[in-house]
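Structure first, commentary second.
The values are calculated or read from the model by the stated rules, or taken from the named source; none is laboratory data. Note that the coordinates shown come from a computational prediction; the quantities given were computed from them, not determined experimentally. Please note: Cβ atoms are built from the backbone with ideal geometry, for glycine as well, and neighbour counts cover all protein chains shown.
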Amino acid sequence: MRAVLVLLLIAGTTVLVQAEDWPQFRGPTGQGHATERGLPLEWSEHHNVIWKVPVPGLGWSSPVVADGRVWLTTVVETKDRRGRISASLRALAYDVASGREVVNVEVFHLDDAGYINPKNSRASPTPIVDGDRVYVHFGADGTAALSTSGDILWTTRLRYESQHGNGGSPVLYRDLLIVNCDGNGGEAYVIALEASTGRTRWKTSRRRPADQAYSTPLVITVDGQDQLVSVGAYRAAAYDPLTGREIWRVGYGDGFSNVPRPVFGQGLVIIATGFQTPALMAVRPGGTGDVTRSHVAWTITRGAPYTPSPLIVGNDLYYVSDTGVLSLADLPTGQVVWQQRLGGNYSASPVFADGRIYFQSEEGTTTVIAPGREFRRLATNQLDGATLASIAVSGGSLFIRSDSHLYRIGERGAATK
């Protein structure tokens, strides 16, 4: 994790602080936590917008921020006279200070793009920035490494069938780029690519039956051992991230099309089981083999999400359903403490930053609450356009992507150097 220097103008005095990078989906820890301070509580199209810039095409990949740049992926589609759609899959970067576009490069091109779920995009997985490299993933349409100047270093295509398009983001572990490849009607597997070359280091097939899923893995440490927790259809598993060897697995019946990224806290891994009957399952990750009967601490079905990832703050578990019901559960026991209807629909995952929790709806509304055993709404903020991508936090600012623009939201006195 890197930091950049930020100049904050506070009460006429210039203060030099460090800004935390946000290099992957859900930030440095992969669990939606930021260490930034001085973040805005309130904003609108005309208040606390440091800059707003148009983004070409469409994509639901979340912004990532590193070394003074904001990275996104997008797809620019064109239709010929016969109605056939071609797609340019692109990587974009913007200057944090000004919002100026500094990289716009085509990574893959599809001559006949075909159909995906209309709620999805062909650029939904979030990039990863690591040093002078950027890793972009477009599901089965292609995976690539770029330099931060936009040069393509390697490309590969991971073969699997995905009915509704791409979704899950990769994870970087040491020198490996690890990806869930969960297709329907065909092969489903987890694969580790050498980050330097794109060559396969290991590939582990999912146990049958397998089906579509769109989740992002999470690396955790249990008793000094790193585990890659990977959620798939009908079951989740933990693998040795260096070899792909399965450590443990847990089953959950008919769950598939899983989207939320797992979270880990207080010795429990929280897994979203997906469609048909969504649930959140707490698993103690110390076992081996099939731990469904022995290591499941509790299961919650009330208000469980299909799409947004949950959030752990201390002993509290926060989660919002796709239809806007926010719940707080006691993490050790799974007991639901309170529920509150926020309104709207939700795909973005929540963020905990500056002592607050930010929940962003698909309709451009961000509800800010205070964490605690009583519901306390601090602010409700509205932007134009649809917002399905998750918020990124860096440099005393929030970076929000809509269906047409990228925003940097912050106090007007903040500037980066």
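Report whether or not Gly287 is touching a His at 6+ places or on another chain (Cβ under 6 Å) and either more than 26 Å from Phe399 (Cβ to Cβ) or touching a residue at least 24 places away in the same chain (Cβ under 8 Å) (or both). Walk me through it before giving the result.
Values: touching a His at 6+ places or on another chain (Cβ under 6 Å): yes; either more than 26 Å from Phe399 (Cβ to Cβ) or touching a residue at least 24 places away in the same chain (Cβ under 8 Å) (or both): yes.
The answer is yes for Gly287.
Where strands (runs of 3 or more DSSP E) sit wholly within the range 319-361, those with at least 1 residues that are under 23 Å from Gln276 (Cα atoms) occupy 325-330, 336-341. Listed by first and then second residue, the pairs with beta-carbon distance under 9 Å, at least 6 apart or on different chains, first residue in the range 250-276 and on the phi > 0 side of the Ramachandran plot and surrounded by fewer than 17 Cβ atoms within 10 Å (Cβ to Cβ), second assigned to a loop (DSSP other than H, G, I, E, B) and of a type in the set (Lys, Arg), are Gly267/Arg284.
Tell me yes or no: at least one residue of the range 162-171 is more than 15 Å from Phe138 (Cα to Cα) and either out of contact with any Ser or Thr (no Cβ under 9 Å at 6 or more places or on another chain) or among the basic types (Lys, Arg) (or both). The answer is no; no qualifying residue exists. Just so you know, in the range 142-165 the residues that are buried (at least 22 other Cβ atoms within 10 Å of the Cβ) and in contact with a Lys or Arg (Cβ under 8 Å, 6 or more places away or on another chain) include one that is nearest to Ser257 (Cα to Cα), and it is Gly165.
Six or more apart or on different chains, Cβ atoms under 8 Å: show the pairs whose first residue is in the range 86-112 and touching a residue at least 40 places away in the same chain (Cβ under 8 Å) and under 18 Å from His405 (Cα atoms) and whose second is surrounded by fewer than 16 Cβ atoms within 10 Å (Cβ to Cβ) and of a type in the set (Ser, Thr, Tyr). Listed by first residue and then by second, the contacts come to Val103/Ser149.
For the range 62-120, which positions are part of a loop (DSSP other than H, G, I, E, B), under 25 Å from Gln31 (Cβ atoms), among the polar types (S, T, N, Q) and modelled with pLDDT of 95 or more?
Within the range 62-120, just Ser62 meets the criteria.
Taking (1) over 15 Å from the mean Cα position of the chain (by Cα); (2) closer than 16 Å to Leu39 by Cα; (3) surrounded by 15 or more Cβ atoms within 10 Å (Cβ to Cβ); (4) of a type outside the set (Phe, Trp, Tyr) in turn, Ala370 satisfies each apart from (3). Within the range 216-239, the set of residues being surrounded by fewer than 21 Cβ atoms within 10 Å (Cβ to Cβ) and closer than 23 Å to Val136 by Cα comprises Val219, Ile220.
Report whether or not Val55 is β-branched (Val, Ile, Thr), in contact with an Asp or Glu (Cβ under 6 Å, 6 or more places away or on another chain), closer than 18 Å to Tyr407 by Cβ and at pLDDT 95 or above. For Val55, the condition - β-branched (Val, Ile, Thr), in contact with an Asp or Glu (Cβ under 6 Å, 6 or more places away or on another chain), closer than 18 Å to Tyr407 by Cβ and at pLDDT 95 or above - is not met. Looking only at residues in the range 116-144 that are hydroxyl-bearing (Ser, Thr, Tyr) and farther than 20 Å from Ser196 by Cα, the one that is farthest from the chain's Cα centre (by Cα) is Ser121. Output the residues belonging to the range 334-356 that are surrounded by fewer than 23 Cβ atoms within 10 Å (Cβ to Cβ) and either of a type in the set (Lys, Arg) or within 13 Å of Asp316 (Cβ to Cβ) (or both). Residues satisfying the conditions are Gly334, Gln335, Val336, Val337, Trp338, Arg341, Phe352, Arg356. Among the residues of the range 166-201, those identified as at pLDDT 95 or above, of a type in the set (A, V, I, L, M, F, W, C) and within 27 Å of Phe256 (Cβ to Cβ) are Val171, Leu172, Leu176, Leu177, Ile178, Val179, Val190, Ile191, Ala192, Leu193.
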